[in-house]
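Everything on this sheet refers to the single structure shown next.
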Amino acid sequence: PFVTIGQVASIVFFFFFVLTALLGRAPKLTAYCDAAEPWQVGFQDPATPMMQGIIDLHHDIFLFLLIILVFVLWILARALWHFRQKRNSVPQRIVHGTTIEVIWTIFPSLILMFIAIPSFALLYSMDEIVVNPALTIKAIGHQWYWTYEYSDYTSSDEESVTFDSYMVSEDDLDPGQLRLLEVDDRVVVPESSHIRVIVTSADVLHSWAMPSLGVKCDAVPGRLNQLTTFIDREGVFYGQCSEICGTNHGFMPIVVESVSREAYSSWVSHQLQLLP
Ligand code: CUA
């Protein structure tokens, strides 16, 4: 034959090893970057089990993609080689081949099954609602900023911790702050805690999206959407509104700051002191 099965297998494994070397989970020496980078192609570093699951699923499916790519290219090259006019000037008239038809029906469906099983498992676990979250935050989209309500904490006269979160404009940036991503008041959350975010909007559609948490939730006026997340490390995470919501759609970023539980409780008590 033109190319042996062994050669195809070695090409597939070569691609697989290159891929795992490039995208592998070897410990990184660089610090975590929880914002998008210029010319970034891959994912941001995951901070939740859910984002880790999304990345793993992507890599799993990529393996199938590479196998199919190599196999199809091989068939194509083989067909072009063997059935070119010089070699095969009188075409055969084959219209049926039961065996091959059974094979090329069953194999793709098996591949689809191997893709569907982990995919559905992830999908349904992402939809899972935590019954007893440690903290509930309400994120309200406005044209063009976010309002956050921590209604778990209230003052004596039932006033809950709430603040607006505006983008820091380019002129006001401090050194090291990220352009178009930094906000004046960050969402502070405790690490390693189950967090429920209720997402809604006061005017038009917005979307509360945070790549490194694997979270994206539409903010719909008159409707409460819910997401749960569990950030397993400290860090500052950057996200953006991800639903076209008007002229300043690009200027209503989201910053989540995940801190230790001690730091979080002192932040909460400071916020409570600010209440009337
Ligand atoms: Cu808010 Cu786009």
Full-stretch length increase - ASP171, VAL95 - with 0.36 nm per residue and alpha-carbon distance subtracted: 20.3 nm
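Is the chain rounded, prolate or oblate when judged by the Cα gyration tensor, a ≥ b ≥ c being the square roots of its eigenvalues, rounded requiring a/c under 1.5 and prolate requiring a/b larger than b/c? It would help to have the intermediate numbers written out before the result.
On the way: a/c = 2.70, a/b = 2.54, b/c = 1.06.
Taking the square roots of the gyration eigenvalues as a ≥ b ≥ c, the chain is prolate.
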Only Lys, Arg (+1) and Asp, Glu (-1) charged, at Cβ; segment 118-276 dipole about Cα centre in debye: 520 debye
Residues ILE195, ILE140, ILE55 arranged by fewest to most Cβ contacts within 10 Å: ILE55, ILE140, ILE195
Degrees, to the nearest 10: 261-274 long Cα axis against longest axis of the chain: 40 degrees
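Using the 10 angstrom Cβ neighbour count as an exposure proxy, how do THR99, THR200, THR229 rank, fewest first? Walk me through the intermediate numbers first.
Details: THR99 7, THR200 21, THR229 25.
Lowest count first: THR99, THR200, THR229.
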Total formal charge among the other residues, if their Cβ is under 10 angstrom from that of ALA209, Lys/Arg +1 and Asp/Glu -1: -1
Burial ordering of HIS206, HIS249, fewest other beta-carbon atoms within 10 Å first: HIS249, HIS206
Computed lengthening from ARG179 to SER192, 0.36 nm per intervening residue step minus Cα-Cα distance: 1.8 nm
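Charges at C-beta only: +1 for Lys and Arg, -1 for Asp and Glu. How large is the resulting dipole of the chain about its Cα centre, in Debye rounded to 20? Present the calculation step by step, with values, prior to reporting the outcome.
Working: 15 positive and 29 negative charges, 517 e Å.
Dipole about the Cα centre, nearest 20: 2480 debye.
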Angle in degrees between helix 98-127 and the longest Cα principal axis of the chain, rounded to the nearest 10: 10 degrees
Contour minus Cα-Cα distance for ASP152 and LEU123 (0.36 nm per residue): 7.5 nm
Most fluctuating residue given options LEU76, LEU213, LEU66, as computed from a GNM of the chain linking Cα atoms under 10 Å: LEU76
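At 222 nm, what helix-only mean residue ellipticity would the chain give, in deg cm²/dmol to the nearest 500, using -39500 (n - 2.57) for each DSSP H run of four or more?
Working: 4 runs with 97 residues, N = 276.
Estimated from H runs of four or more residues: -12500 deg cm²/dmol.
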Overall form of segment 145-265 per C-alpha gyration tensor (a/c, 1.5; a/b vs b/c): rounded
The chain: angle of helix 5-23 to the longest principal axis, Cα-based, in degrees nearest 10: 10 degrees
GNM flexibility winner over the chain from PHE62, PHE83, PHE230 (Cα, springs under 10 Å): PHE83
Candidates ASP172, ASP185, ASP34: whichever shows maximal mean-square fluctuation once the chain is modelled as a Gaussian network with Cα springs under 10 Å: ASP172
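Values in this text are rule-based calculations from the coordinates and carry no lab data. All figures in this text were calculated on a predicted structure; none of them were measured in a lab. Don't worry about glycine lacking a Cβ; one is built from the backbone with ideal geometry, like all the others, and counts go over all protein chains shown.
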